[in-house]
Amino acid sequence: QEGRCLYVILLMALYWCTEALPLAVTALLPIVLFSLLGGILPSNKVCPQYFLDTNFLFLSGLIMASAIEEWNLHRRIALRVLMLVGVQPARLILGMMLTTSFLSMWLSNTASTAMMLPIANAILKSLFGEKDTSKDINRENEENQASLQQNKLYTVPTEMQFLASTEDKDLTEEKEVASDALSDLKKEEEYKTNIWKGFLISIPYAASIGGTATLTGTAPNLILLGQLKSYFPECDVVNFGSWFMFAFPLMLIFLLLGWLWISILYGGINLRGWRTKKSNIRVDAEARAREVIKEDYQKLGPTKFAEQAIFFFFCMFAIMLFSRDPKFIPGWASLFAPGFISDAVTGITIVIILFFFPSQKPSFKWWFDLKAPNTETQPLLTWRKAQETVPWNIILLLGGGFAMAKGCEESGLSVWIGGRLHPLEGVPPPVAVILITIVIALFTEFASNTATIIIFLPVLAELAIRLKVNPLYLMIPGTIGCSYAFMLPVSTPPNSIAFSSGHLMVKDMARTGLLMNLMGVLLLSLAMNTWAKSIFQLGTFPAWANIHAENATSLLPAVENVTLSAL
């Protein structure tokens, strides 16, 4: 059984990595193969995995994001933040990264990037003009300079050189001035190109970092939650509140260091000439950029009732998820029967309201005047809009991951994998965290983040039991590490969107992303060995993991006997 299950997993991993089938279609394979290949898992156990409460938590986040996008609230927030941070290049990059990461905490990373890039392009064009035309101007200046030098380098007879020495000096001075002007023009052009690259590369990076801060921010976080419930049903330490307390500080630190690295690398912060006075050209360009941001914000008009309502429900969505069971104090879920209220209940409750709450300020005249018109008002979100904008394929992809995890557990494959991890038992846990993060960060550069974490989480769970450490100590770094894909355009959809603008090269992403990956690995290791220990009680081997270890130990001889008899 475990061999057949391993075959299904390897087949799905191959299809996910090569995208021979659409990712969501590959995720449906366990329904067919687990039933047909010798009865790994019956379909009545496989199919419910596609609609666990974790899937509904993610669905509530996607619907909330759809409502925010419907009323342009995300654009208003983005432009407002950019107005506050200022228009100097380094500050604008910081504003872009802060806004993108905040949006990515609630929207998908891809949607956040796709929304912010047009704003970045508009600001860049106001700062520097069109990118292509600046190159044409530079080329034209070089041609003019070449023709100027060619016209002035006329032949002087040898006997007249002494008499013409004064004129030669004047010509030499003119040449030096012209060459200095050309050199300044090249430097300015290089500065513009670097700032343009810095802007574009900061947005997908901020989206990937921001998505790690909340459970609903990116699919791998929810896959961790779902697989924890599958492998360790008694584990209740990971919820929206506890994850936010751990991941949000990590996101802020990484975002700040990433901003410093991008700003220094691409000239937003000049360490040598930070005291030098700005040129008039740059001052004028920054004034134009400020006007563009202000003009775009004014085009949105006054804040509509629908935007205010969406913002209110968005805040309620976040506050209720955070306060349901924050662990350090009793949450509002303690008012109800234990075990009945989950994060999915909270998210779906808020989302249902969006489908009947009016998008225009309601009038109550008809209560007092029977002749007053009772017109139907449009709700904040229609089901047709939700159908069009919610990426339903992600729900199936999550379900495929949970079905795969259930198959590993029921077939004994996870126990079999654990029995092959003896050589790693001597590895110190802090070293294991760093190695795991590096391996997964490299693997996810070439494969989907979701597919990567689905493949690795069962192995990490068994490795943790072998090392006698809290499974979360290895599973959390693996989950977050698969979001740290910065080096290649194909690593994530946000990277691909930024690369498709045509202003970035692969070597730009590789050079910038290498240090970003290293920073991510080190910061994640620091977080796991400091504040995460108190939040998730990582210093002890928990009882809920011990129960799983005892069950695995009792199953191991039976699995080995079946394997030997088959051989």
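The values are calculated or read from the model by the stated rules, or taken from the named source; none is laboratory data. This structure is a prediction, so every number in the text was calculated from the model and none was measured. Virtual Cβ from ideal backbone geometry, glycine too; neighbours counted across all protein chains shown. Ligands, DNA and RNA are excluded from the accessible area calculation, which covers all protein heavy atoms including side chains. Shrake-Rupley method; radii C 1.70, N 1.55, O 1.52, S 1.80 Å.
A compact table of results
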| quantity | calculated |
| --- | --- |
| Counted charge near Trp71, where neighbours are those whose Cβ lies closer than 12 Å (Asp, Glu -1; Lys, Arg +1) | +1 |
| Global geometry of segment 1-48, whether rounded, prolate or oblate, following the gyration tensor of its Cα atoms and the 1.5 cut on a/c | oblate |
| Förster radius 51 Å - calculated FRET efficiency between Ser363 and Leu257, Cβ distance, rounded to 0.05 | 0.45 |
| Two-decimal log10 I(q)/I(0) for segment 374-475, as the Debye equation yields it once each C-alpha is a single scatterer, q = 0.14, 0.15 Å⁻¹ | -0.66, -0.72 |
| Gained length - Lys533 relative to Met83, 0.36 nm times residue gap less alpha-carbon distance | 158.1 nm |
| Segment 317-453 - percent relative contact order, Cα under 8 Å, separation 6 or more | 14 |
| Protection proxy ranking of 19-29, 84-94 - average other beta-carbon atoms within 10 Å, highest first | 84-94, 19-29 |
| Solvent exposure of segment 472-517 as accessible area per residue, Å², 1.4 Å probe | 30 |
| Protection-proxy order for peptides 65-75, 511-521, each taking the mean of Cβ atoms within 10 Å per residue, highest first | 65-75, 511-521 |
| Paramagnetic reach from Lys468 (point 7 Å along Cα→Cβ, amide N under 13 Å) across segment 398-435 | 425-427, 429 |
| Rounded FRET efficiency, nearest 0.05, which uses the C-beta distance separating Phe340 from Glu234 and R0 of 22 Å | 0.85 |
| Length gained when the stretch Trp332-Thr540 is fully extended (0.36 nm per residue, less Cα-Cα span) | 72.1 nm |
